[in-house]
Amino acid sequence: MAAAAVAVNRASLAALPEPAQQDKPDTMPPLDPPNGRPYRPVVTLNGWTLPWRLNQGVKEFHLVAEPVERELAPGMKARLWGYNGQSPGPTIEVVEGDRVRIFVTNRLPEHTTIHWHGQRLPNGMDGVGGLVQPHIKPGKTFVYEFIARRPGSFMYHPHADEMVQMAMGMMGFWVTHPRGKHPLIDDVDRDFCFLLNAYDIEPGAAVPKISTMLEFNLWNWNSRVFPGIASLNVRRGDRVRVRIGNLTMTNHPIHLHGHEFVVSGTDGGPTPRGARWPEVSADIAVGQIRDLMFIADEEGDWAFHCHKAHHTMNAMGHQVPTMIGVDHRGVVNQINRLIPEYMVMGERGMADMQEMEMALPANTLPMMTGTGPHGAIEMGGMFTTVKVRRDQKPGDYSDPGWYKQPKGTGAFEWTGPLAEPARSAAEEKAVRSTAPPMQVRKPGGHGQH
């Protein structure tokens, strides 16, 4: 066939593989390959893998670009665009050397294409609308066909009206497994993948603001925010790989507690072993994939999150001034006469906000939320946990519940006598100073996060 994405005629539509659909936001079990070369499948965090049909040695997939509804976390749903009922779309898994044929049906109100980010393929299959192929008009189906030439982690997303379509959630993960033992790709016990994406959705609304460039207010892993992001559940001693692709408009330093990892691969391929070093945080730039690999040898519930503090919060107002140290209780009664539901907040920090039962608009998440075994977790956005258990069975990805720390291994309140803390000379002078407290006010913008 010609090495270019082509339209499928009406007579051929009857022969298309049935498009699989998924409407649940749960992490689905790995899809063991029913045919073709064997491999250990990945687990997509809050996602699933797209089934295929083997047709005379060719793996055939069917993606449907369409409007979808996605639960970001319990209590909030977003109206997005995606594939096969979900945003992001399903993960595609193949083996190095496989010939793949992907039918793409457009049920959007405008034209689209799909770019296979990072793949080596014929130029006409690269998916850039207007440059290498005609756009896929509404109601039409195109077919892409190529050989998966190199193993690794990849993504797919539109290359047509890209700002709008990606802001609406159109993206998906792609994994090409090595066809055999690979000198730079280790066998692992657990293999996870997910995408970083972001939305700007006004409180009470459900549709993202597509013209936003940097001022996003919902930072997602696979179109989920904490507490809606599933935990990564592993067995102690497992070798774990986590493949993370960034399709937001900013970088994300992803941080794992309790373990060290190496960056074992990128969307450019596996990293040479001599170029790897132990890390606890990896910065993932826009349009990049990083494969993080570690041995899960410490039991517990370990935080796993973006280390930009505002990316672990849900929707918040960026123009709120800092009120720490400002006692405005004296004016509360006067304000309450005008605004009966006004509440004092921010004088001691923001933690009080999780304890307040403040009414929120419909379809809106609290800024800080989540409850753990010891109280409020006070997180949102790009936050979850890696749960390591010695009794987690191989192949079992179910949530084991909260970790029960062995006696004597947890922080506790000290009730004994305390020595006077040592202070620097400058601090001693500041403590003795009678100068009024400094008035602090936050900057007005958030444009560089």
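The values are calculated or read from the model by the stated rules, or taken from the named source; none is laboratory data. Note that the structure is predicted; figures quoted are calculated from it, not measured. Every residue, glycine among them, receives a Cβ derived from its backbone with ideal geometry; neighbour counts consider all protein chains shown.
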Study note, to complete from the structure: Filtering region 278-310 for residues that are modelled with pLDDT under 95 and within 28 Å of Y156 (Cα to Cα) leaves a count of 1
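Tell me whether region 36-58 contains one or more residues that are in contact (Cβ under 8 Å) with a residue 12 or more places away in the chain, in contact with a Phe, Trp or Tyr (Cβ under 6 Å, 6 or more places away or on another chain), assigned by TED's automatic domain parsing to the domain that holds G152 and of a type in the set (G, A, S).
Taking region 36-58 and keeping what is in contact (Cβ under 8 Å) with a residue 12 or more places away in the chain, we get 36-37, 39-55, 57-58.
Narrowing the set further to residues that are in contact with a Phe, Trp or Tyr (Cβ under 6 Å, 6 or more places away or on another chain) leaves 43, 45, 50, 52.
Subsequent filtering for residues that are assigned by TED's automatic domain parsing to the domain that holds G152 retains 43, 45, 50, 52.
From the residues that got through so far, the ones that are of a type in the set (G, A, S) too are none.
No, region 36-58 contains no residue that is in contact (Cβ under 8 Å) with a residue 12 or more places away in the chain, in contact with a Phe, Trp or Tyr (Cβ under 6 Å, 6 or more places away or on another chain), assigned by TED's automatic domain parsing to the domain that holds G152 and of a type in the set (G, A, S).
For region 78-86, check the following and say yes or no: at least one residue is part of a strand (DSSP E or B), closer than 30 Å to D396 by Cβ, touching a residue at least 40 places away in the same chain (Cβ under 8 Å) and of a type in the set (G, A, S). Please lay out each step first, then the result.
Filtering region 78-86 down to residues part of a strand (DSSP E or B) leaves 78-83, 86.
From what is left, the residues that are closer than 30 Å to D396 by Cβ are 82-83, 86.
After this cut, where a residue has to be touching a residue at least 40 places away in the same chain (Cβ under 8 Å) as well, the list is 82-83, 86.
Right, trim to of a type in the set (G, A, S) and you get 82.
Yes, that holds for at least one residue.
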**Study point:** Single match in G204, G127 (criterion: of a type in the set (G, A, S) and surrounded by 23 or more Cβ atoms within 10 Å (Cβ to Cβ))
**Key:** G127
Practice item. Take region 148-175 and flag every residue that is at pLDDT below 95 and of a type in the set (S, T, N, Q). Key: none
Review point. Which one of these does F103 not meet: (1) under 22 Å from G287 (Cα atoms); (2) part of a strand (DSSP E or B)?
Key: (1)
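Can you name the residue in region 217-245 that is outside any strand (DSSP E or B) and in contact with a His (Cβ under 9 Å, 6 or more places away or on another chain) and is also modelled with the highest pLDDT among such residues? Please lay out each step first, then the result.
Initial filter on region 217-245 (outside any strand (DSSP E or B)): 217, 222-231, 236-238.
Now drop any that are not in contact with a His (Cβ under 9 Å, 6 or more places away or on another chain), which leaves 217, 226.
On the way: N217: 92, F226: 96.
Per the criteria, the residue is F226.
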Review point. Does A2 satisfy the condition of being assigned to a loop (DSSP other than H, G, I, E, B), modelled with pLDDT under 95 and hydrophobic (A, V, I, L, M, F, W, C)?
Key: yes
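Taking region 162-201 as the region of interest, how many residues are in a strand (DSSP E or B) and surrounded by 15 or more Cβ atoms within 10 Å (Cβ to Cβ)?
Step one: of region 162-201, the residues in a strand (DSSP E or B) are 172-177, 182, 185, 190-199.
Remaining after also requiring surrounded by 15 or more Cβ atoms within 10 Å (Cβ to Cβ): 172-177, 185, 190-199.
Here the count works out to 17.
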Point to revise | Filter pass, G97 being crowded, with 17+ Cβ neighbours inside 10 Å, in a loop (DSSP other than H, G, I, E, B) and in contact (Cβ under 8 Å) with a residue 60 or more places away in the chain | key: no
Review point. Just a yes or no: is a residue in region 44-58 of a type in the set (F, W, Y) and either touching a His at 6+ places or on another chain (Cβ under 7 Å) or not in a loop (DSSP other than H, G, I, E, B) (or both)?
Key: no
Exercise for review: Report yes if some residue within region 31-40 is at pLDDT 95 or above, touching a His at 6+ places or on another chain (Cβ under 7 Å) and part of a loop (DSSP other than H, G, I, E, B); otherwise report no.
Suggested key: yes
Study note, to complete from the structure: Picking from G75, G85, the residue that is over 14 Å from M171 (Cβ atoms), buried (at least 19 other Cβ atoms within 10 Å of the Cβ) and not basic (K, R) would be G85
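When you look at L54, is it at pLDDT below 95 and closer than 29 Å to Q133 by Cα, yes or no?
Numbers: at pLDDT below 95: no; closer than 29 Å to Q133 by Cα: yes.
Judged against the criteria, L54 is not a match.
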Check your understanding: Which residues, taken from region 249-273, are under 17 Å from the mean Cα position of the chain (by Cα) and among the hydrophobic types (A, V, I, L, M, F, W, C)?
Key -> M249, I254, L256
Review point. Somewhere in region 219-241, is a residue closer than 29 Å to P158 by Cα and either in the same structural domain as T113 (by TED's automatic domain parsing) or surrounded by fewer than 16 Cβ atoms within 10 Å (Cβ to Cβ) (or both)?
Key: no
Review point. Quick one: how many residues across region 202-225 are under 18 Å from the mean Cα position of the chain (by Cα), of a type outside the set (F, W, Y) and within 17 Å of P88 (Cα to Cα)?
Key: 7
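Here are E145, E202: which of them is modelled with pLDDT under 95 and either among the charged types (D, E, K, R) or in the same structural domain as F226 (by TED's automatic domain parsing) (or both)?
Going through E145, E202 in turn, the sole match is E202.
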